[in-house]
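Peer 1: Here it is, the structure, as structure tokens.
Readers should treat all values here as calculations from the given coordinates under stated rules, not as data from a laboratory. Here the structure is a predicted model, which means the values were calculated and not measured. Cβ atoms come from the backbone with ideal geometry, glycine included; neighbour counts cover every protein chain shown.
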Amino acid sequence: MRKTLILVGLLAACSLAALGQGYDTMPADAHVIPIGVEGTVYEDMELGVRGGTLHIPNIEDPKAWNNHTAKETSTTWFTYRMHRGLMNLDHISGAVVPDFAKSYEISEDGLVITFHLREGINWSDGTPITADDVLFTFNDVITNEDVDCNARPGMILPDGTFPICEKVDDYTVTFTLSTIYRPILNQMTFSLMPKHKLAQYVHKLNPDVPAGTFNETWTLDMDLSELVGNGPWIVTDYQVNVSVTMERNPYYYGYDPAGTQLPYYDKIVSHIVANQDVSMLKFRNGEVDVYAMRPEDIPILLPEGPSKGFQVMVTDLAQYGTTWICPNLDIGLADGTDEEKRELYRNVEFREAIAHLLDKDTMVQNVLNGLGTAQWTGVSVPSPFYAGRDEYGGPTTENDAVWFEYDPALAASKLDALGVVDQDGDGWRDLPSGAPLTIEINANDNTIRIAYCLIIQDDLRAVGLNANFQVVDFNTLVNRLLGATGDIIQLGLTGGDEPNSGKNVYTSCGNLHAYRYSACEDPDEVDLRIDELMDLGANTFDLDEAFDYYKEYQILLAHQLGYIYLCQPTFLYTYYDYVGNAFMASPTSTPGGNNGLLTELCFDKRL
Amino acid sequence: MKRNGLRALGLMSCAIVFVSLIGFAVDLYDIAANEEVPEISKAAGLNLVDDYISAYTAEELADLAANGATPGIRLAADRALFKLNDGLLALVVLDQDTLYAMAAAGDQDAAEAWVFNARASYKRPEVVEEAIATCQVETIEIALGELLGGSYGPGSPIGQKPKDELLRLVVGDSLGLRIAAATALTTYWIQEGRLAIPQVENAIRANSGVNPELALAHQGLLAYLYGEE
């Protein structure tokens, strides 16, 4: 018993030693986050106090501690909290902003990005962080073919090359691009890794170790006191299937305006649980402090919130991603059939009629149980480039949104005007030539998609369009979409902050330009302008200018009605009242979420 | 050695209980032990759960839950024992047939667990209402009613009902709907924060044994108000 206690004491001492002692005073180059500062997106937040432990549920064990070889969020949940990059997403707005770089500048020709690093900042073990660590991470890890690194594909420029990363001095690095490409700034969020700890495992730097050694570095069985990072927390304890404990990095460079070093919490304990139901029950029991609830949890949690002291956030903020129907404007093109139907589908007036038949309110109420919001464009609502804002990263206003209101009478009159009327008296509208018009709507076996399609089918039928919904298996559905052999397909896409990442979907030669692949050979004026706007948005480093380009692109896209958007589930979250600043949880970041941004700004109000 | 440690722990527990008793503006132990109206006794008992966990062994809690002198004592002991045994976490892992059988035998916690596991099928209030209308097991009907109460109450994105309608439902014919209305009313009243302890106690005295679910709604509010003292 006594030996065990001594061992525990020694381990604790080792852990403390590995984490170093911290700064004597706030470094001159600290990253001050304007918590509570008027006129910023942080103005509603409270300055916190240090101390306490945040308990968070997690449903999977991590697979390793190596951020750059991680392939799953169960690992990056921890590694993103241990490492920060030159840039990062703003905690609240989601905009890409300098992080470990205190600033950056771009050359007049747009081809050289110079990052100025924060000086006097240390790794969690007290070793200074310098430009050598940036070069090591980029040149020896990310772009090193010997390393199985997930960040590498994102670093490839449109012409297939990598930026060239060079050291100017200990605190200045440059990235030279072969072509102007602003989305590369998003990739500059790559996690910095400590050269003094990891260079020895990279074959090209240390030929004594076999190729691929880095891929097996920082695995779960390592001595955790060897873990070193520059993020707010460092993993200090891992109990398989039970918990992971992260402790404050004493050398983290984030501070609040009062000079308090972040994060506020001393520790995070991530409780590994069997599934989301267990997460929810542990939240109800007060064993964890925050929980990303699901719609089915709401009726249970809502009545308990006031008496147990937790908040149930039911918001109207859409989650990332898009959901749509896609009429195939190339229907029959490959085999020379359906010419008249294809002509009809290609007529935007017809697509407008379809858009007016989409009862998104009913979809939200009946399919998403009131927990959804209508969509009109291909950029996710949480993106700072979403055109429902007046400016880059501004609040959602929907001032420029393009809505086709549910209006069956208007849809019917548009169809009449197109000559799509019932000519043979069978109750169904026919093509202008008198040939029958049948519409097949497909989705895969997904309860939400099926429900959407049944509503759409009913509304199309109600105005005399002979629509039939059929479920097909997912692979068949995707093959029909990619092969342009479907009729109207209902599916969805994941989404992110940068519209240019949707280039493969929305530009005329994109491999997911599924509503009209023929646009690659035969683009119309709108296609050409969208292609141009996509490039213009990416080829400027002025975010406001990029926003304007992307706004025009989104408005054009909405009028083009290639993909016709439906609804997206809204953001739900719940947290105990004593978790300060948790009320700022959003699709961008939550206290318990994957990127960990908000976590460092939360604090224990009971202290 | 182990027994001595336990005794020391027991003394410490007593001290903790004593200290916490001093802190109460209302004497919850006295209310739980001596109040004649069951809902008021239970409201006090619900605030003693953690104290009971500290003060009693599992065997003592089981005995108190079965043979405690008042509803408040029995409820406090029962909930303490439930919490000590991992609460719903221990039940939701059982299969639904087992839980249903336990619920049919009168186990309310099993019914809660059964509904918890099935709740994804009951996202829309009208579906829960339909299930209540055809429910053959009282414990499950009560659990479904509690679930429905979450949709009827404030902040619910679908199914929210105004208080006057809830006040009608809470004295209506359907047990499940009465429970749902009681659950929602408690939430409304807590959020409004208008009623004080004496008013709530009076409302309970007026309804206990007459309109049990209306008394239950007030019991939830009273438990909250006692906890805030």
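Peer 1: Under the rule of at least 5 residues apart or a separate chain, name every residue whose amide H is placed under 5 Å from the amide H of residue A:468.
Peer 2: Those qualifying (amide H under 5 Å, at least 5 residues apart or on another chain) are A:439, A:440, A:441.
Peer 1: With the contact rule set at Cα under 8 Å and sequence spacing of 6 or more, what percent relative contact order holds for segment B:88-192?
Peer 2: The value is 22 percent.
Peer 1: If you take the beta carbon distance between residue A:109 and residue A:316 as r and set R0 to 45 Å, what does 1/(1 + (r/R0)^6) give as a FRET efficiency, to the nearest 0.05?
Peer 2: 0.55
Peer 1: Follow-up question, since we're still on this one. Please compute the Kirkwood hydrodynamic radius over segment A:554-607, one decimal place, Å, based on all pairs of different Cα atoms.
Peer 2: The Cα-based Kirkwood calculation yields 13.6 Å.
Peer 1: Let me ask something additional. Along Cα→Cβ, 7 Å out, is where each label goes; now give me the distance between the ones at residue A:410 and residue A:145 in nm to one decimal.
Peer 2: 5.7 nm
Peer 1: Treat every Asp and Glu Cβ in segment A:327-373 as -1 and every Lys and Arg Cβ as +1, leave all other atoms uncharged, and give the resulting dipole magnitude about the Cα centre to the nearest 20 debye.
Peer 2: Approximately 220 debye in magnitude.
Peer 1: Determine the gain in length on full extension of the stretch residue A:166-residue A:340; use 0.36 nm per residue of separation and subtract their C-alpha separation, reporting nm with one decimal.
Peer 2: So the extension gain works out to 56.8 nm.
Peer 1: Compute, for chain A, the length of the dipole vector about the Cα centre, with Cβ point charges of +1 (Lys, Arg) and -1 (Asp, Glu) only. Units Debye, rounded to 20.
Peer 2: 2240 debye
Peer 1: State, as an integer percentage, the relative contact order of segment A:322-569 based on alpha-carbon contacts under 8 Å between residues 6 or more apart.
Peer 2: Over segment A:322-569, the number comes to 31 percent.
Peer 1: Please give the calculated 222 nm ellipticity per residue for chain A, where each DSSP H segment of at least 4 residues contributes -39500 (n - 2.57) and the sum is spread over every residue; nearest 500 deg cm²/dmol?
Peer 2: Only helices count here, giving -7000 deg cm²/dmol.
Peer 1: Could I ask something else about it? I'd like the distance separating the alpha-carbon centroids of segment A:285-349 and segment A:488-556, in whole Å.
Peer 2: First find each Cα centre; the distance between them is then 21 Å.
Peer 1: Next question, about the same structure. In peptide A:292-299, what is the residue-averaged number of other protein chain Cβ atoms found within 10 Å of each Cβ?
Peer 2: Neighbouring Cβ atoms belonging to other protein chains average 6 per residue here.
Peer 1: Given charges of +1 on the Cβ of Lys and Arg and -1 on the Cβ of Asp and Glu, with all other atoms neutral, how large is the dipole of segment B:88-192 about its Cα centre, in debye to the nearest 20?
Peer 2: So the magnitude is around 360 debye.
Peer 1: Another question, if that's okay. Quick one: compute the contact order of chain A, relative version, from alpha carbon pairs under 8 angstrom and 6+ residues apart, as a percent.
Peer 2: RCO, chain A: 19 percent.
Peer 1: Let me ask you something else. In sequence order, what are the phi-derived ³J(HN,Hα) couplings for segment A:369-379 according to the Karplus relation 6.51 cos²θ - 1.76 cosθ + 1.60 with θ = phi - 60°, rounded to whole Hz, with x for glycine and proline?
Peer 2: 6, x, 9, x, 9, 5, 10, 9, 9, x, 9
Peer 1: Using Stokes-Einstein with the Kirkwood hydrodynamic radius over Cα pairs, what translational diffusion coefficient do you get for the protein assembly as shown at 4 °C and a viscosity of 1.567 mPa s, in µm²/s rounded to a whole number?
Peer 2: In µm²/s, the coefficient rounds to 43.
Peer 1: If you take the C-alpha gyration tensor of segment B:102-222, multiply each eigenvalue by 5 and take the square root, what semi-axes do you get, largest first, in whole Å?
Peer 2: 24, 17, 12
Peer 1: Moving on to the next point. Determine, for each peptide in A:294-303, A:61-70, B:190-199, B:40-49, the mean count of other beta carbons within 10 angstrom over its residues, then list the peptides with the highest first.
Peer 2: So the order, starting with the most tightly packed, is B:40-49, A:294-303, A:61-70, B:190-199.
Peer 1: Given 4 °C and 1.567 mPa s, how large is the Stokes-Einstein diffusion coefficient of chain B in µm²/s, with Rh as the Kirkwood radius over Cα pairs?
Peer 2: The diffusion coefficient I find is 69 µm²/s.
Peer 1: Given a Förster distance of 45 Å, report the FRET efficiency between residue A:157 and residue A:521 from their Cβ-Cβ distance, rounded to the nearest 0.05.
Peer 2: Efficiency at R0 = 45 Å is approximately 0.95.
Peer 1: Assuming R0 = 45 Å, can you tell me the calculated FRET efficiency for the pair residue A:274 and residue A:559, based on Cβ-Cβ distance, to the nearest 0.05?
Peer 2: 0.40
Peer 1: What lysines could a cross-link reach from residue A:167, if we take a straight Cα to Cα line under 23 Å and drop same-chain neighbours fewer than 8 places away?
Peer 2: A:102, A:195, A:197, A:204
Peer 1: May I pose another question? Taking every residue in B:153-164, how many Cβ atoms of other protein chains lie within 10 Å of its Cβ, on average?
Peer 2: The per-residue average across the peptide is 5.
Peer 1: Over the whole of A:370-376, what's the average partner chain Cβ count within 10 Å per residue? Rounded to a whole number, please.
Peer 2: That works out to 2 on average.
Peer 1: What fraction, in whole percent, of alpha-carbon pairs in segment A:463-607 exceed 18 Å separation?
Peer 2: More than 18 Å apart: 69 percent of the Cα pairs in segment A:463-607.
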